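The values are calculated or read from the model by the stated rules, or taken from the named source; none is laboratory data. Everything numeric in this text was worked out from a predicted model, so none of it was measured. Please note: Cβ atoms are built from the backbone with ideal geometry, for glycine as well, and neighbour counts cover all protein chains shown.
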Amino acid sequence: MKTLYIKFVVITIGMMLISFILAFILSNSYYQQKLKPINDQKNTQVALDIVHFVETHPEMELNEFLESLAATGYQFCLVDEAGNKTFFGEPFRDQTLPVSTEKKVLDGEVYHGILKFPQETFVTGFFANELKNTIGVPLNYNGNGFALLLRPDIKFLFNEMHVLFGWIVALTILISIVMVLINTRYLVKPISDLTKATKSLENSDFNVALDINRHDELGELSKSFLQMARRLEQTEDIRKEFISNISHDIQSPLSNIKGYTNLLENKSITTEEKNQYVSIINGEIERLSSLTKQLLLLASLDRNEDIVKKQPFDVGQQIKDLIRHYQWLIGEKGIMLGYHLPDIEIIADPSLVNTVWDNLLSNAIKYNKPNGTIEISAEKKGESVFVTFEDSGIGLKSSEIDRIFDRFYRADQSRTRLVEGTGLGLSIVKTIIDLHGGKITVTSNDKKGTKFIVELPIR
Ligand SMILES: Nc1ncnc2c1ncn2[C@@H]1O[C@H](COP(=O)(O)OP(=O)(O)OP(=O)(O)O)[C@@H](O)[C@H]1O
Ligand SMILES: [Mg+2]
């Protein structure tokens, strides 16, 4: 498998090599075009100077002179008229030289072997230790004609500094390659970690560990990924809890219905018992029906379709109608209900808003004490209407307050299990208020009472 790591390393080292080769080719062509003629000229001048010196000092021993000159960094070849060659200094690797060239030099021509040396891709012309790669000049010594061929000794040119530079270049390349290997690992690691994390999310394992301390785009990405994983985990938990709650809330009335229908099949029961069982079965069916209605409402609220159909209506009047609807239940429980509900017109969805008041009022009745009180009031403030439902009921603990808007949440099981309910009411209330751009707040004193304040925009 071609991993990102290998690709990155190959591309970076490839880029380094290509730039190295390009630089080499460019500097070589610079050598061929510019430096080679200069080099040739310089060495021709040196050769001519030597010839001039030898010819003006005939008393000097030529071989000894060339020997000592060679020690300063030159290679010489002295050809006499008979074609005999004497070499001074480092030996030439290739000593062949066309006889015609020797002849021409002996006849007085200057031989520009360095300039004419064949052009090649690499700077080999400069390094070629060949007799052809020399400067040849005619030399007269004590009445004898010679051809003097010379070239600088490369070994001499490459002194300690050049070796040092060579090492620096080699080390730089080596260190950069090692750095590329390490650095790439550092860059690619978070990406492989993210890939691993994605795979574990796929398998519903939300426990992913990522390095979020990097201060770059990858750190940001890891951070967002972790947040996403956390959200997914929450959603997954909520989904599981939701399904288990629904299953439970559907299963328990169904098994009650099944149990009582079995009892009804028994021929020996009295009419009184029969009526009692039928009324229990009816109650359970009622429970199932209200549960499905609430679930359907929640589902359509969740889908966020254009479910909110706004129109003007009077909230005060709406709540008063609702109170009339609950009058018998309030009377039955001996609850004292007082209200202050002036006419306030708002633009909202009347049916959804009615569901809000219905839930709040039914809660205030359900979770009240015998002979308790309920106070309802509405007030217009600025662009909003504030509606308050206050009861003197069983109240809520502060730990419960945080959860009452969760789906299926019912506070203090031992107290509320005696009261009918699914725990969906307030979550529906909250969703409807959110859809209207409003707000709901709760204050409660355990065992003393609860106050819900709903704020809705007037339009
Ligand atoms: N006025 C109140 N006083 C005390 N506790 C309350 C009050 N209103 C709500 N609660 C608590 O909050 C919980 C959630 O309320 P919610 O209306 O969502 O569900 P429910 O009344 O149990 O069922 P339903 O879906 O039938 O309304 C209740 O079970 C109850 O414990
Ligand atoms: Mg309720």
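Computed quantities for the displayed model
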item	result
Residues (touching a helix residue (DSSP H, G or I) at 6+ places or on another chain (Cβ under 7 Å) and away from ligand 2 (no atom under 12 Å from the Cβ)) located in region 358-374	374
Matching option when the condition is surrounded by fewer than 17 Cβ atoms within 10 Å (Cβ to Cβ) and either of a type in the set (A, V, I, L, M) or within 18 Å of residue 290 (Cα to Cα) (or both), among 442, 429	442
Residue within region 393-415 that is in contact with an Asp or Glu (Cβ under 6 Å, 6 or more places away or on another chain), closer than 30 Å to residue 347 by Cβ and either outside the structural domain of residue 294 (by TED's automatic domain parsing) or not aliphatic (A, V, I, L, M) (or both) present	no
Failed item in (1) in contact with a strand residue (DSSP E or B) (Cβ under 8 Å, 6 or more places away or on another chain); (2) exposed (fewer than 11 other Cβ atoms within 10 Å of the Cβ); (3) of a type outside the set (S, T, N, Q), with residue 64 passing the rest	(1)
Residue that is nearest to ligand 2 (Cβ to nearest atom) [pool: residues in region 331-357 that are over 25 Å from residue 296 (Cβ atoms) and of a type in the set (D, E, K, R)]	333
Contacts under 6 angstrom Cβ, first residue in region 227-252 being under 16 Å from residue 298 (Cα atoms), partner modelled with pLDDT of 90 or more and in a helix (DSSP H, G or I), 6 or more apart	249/291
Failed item, numbered, when residue 418 is tested on (1) within 16 Å of ligand 2 (Cβ to nearest atom); (2) in a helix (DSSP H, G or I); (3) loosely packed, with under 15 Cβ neighbours inside 10 Å	(2)
Given (1) within 52 Å of the chain's Cα centre (by Cα); (2) in contact (Cβ under 8 Å) with a residue 60 or more places away in the chain, index of the condition residue 319 fails	(1)
Only one of 64, 90 that is acidic (Asp, Glu), over 60 Å from the mean Cα position of the chain (by Cα), closer than 19 Å to residue 127 by Cβ and assigned by TED's automatic domain parsing to the domain that holds residue 136	90
Qualifying residue in region 109-120 (condition: in a helix (DSSP H, G or I) and touching an Asp or Glu at 6+ places or on another chain (Cβ under 6 Å))	yes
Subset of region 1-50 that is not hydrophobic (A, V, I, L, M, F, W, C) and not in a helix (DSSP H, G or I) - its residue that is surrounded by the fewest Cβ atoms within 10 Å (Cβ to Cβ)	2
Matching option when the condition is assigned by TED's automatic domain parsing to the domain that holds residue 291, of a type in the set (Asp, Glu) and exposed (fewer than 10 other Cβ atoms within 10 Å of the Cβ), among 220, 202, 241, 233	202
Sole exception among (1) more than 16 Å from residue 357 (Cβ to Cβ); (2) part of a strand (DSSP E or B); (3) over 46 Å from the mean Cα position of the chain (by Cα); (4) near ligand 1 (Cβ under 8 Å from one of its atoms) for residue 444, by number	(3)
Any chance residue 137 is in a strand (DSSP E or B) and of a type in the set (Val, Ile, Thr)	yes
Which listed residue is of a type in the set (A, V, I, L, M), over 19 Å from residue 326 (Cβ atoms), in contact (Cβ under 8 Å) with a residue 12 or more places away in the chain and in contact with a strand residue (DSSP E or B) (Cβ under 6 Å, 6 or more places away or on another chain), from 458, 376	458
Every pair of residues 6+ apart whose Cβ atoms lie under 8 Å, when the first sits in region 348-368 and is under 12 Å from residue 429 (Cβ atoms) and in contact (Cβ under 8 Å) with a residue 24 or more places away in the chain while the second is away from ligand 2 (no atom under 11 Å from the Cβ) and assigned to a loop (DSSP other than H, G, I, E, B)	352/307; 352/308; 352/436; 353/436
The one condition in (1) out of contact with any Asp or Glu (no Cβ under 8 Å at 6 or more places or on another chain); (2) free of Cβ contacts under 8 Å to residues at least 60 places away in the same chain; (3) surrounded by fewer than 21 Cβ atoms within 10 Å (Cβ to Cβ) that residue 343 fails to fulfil	(1)
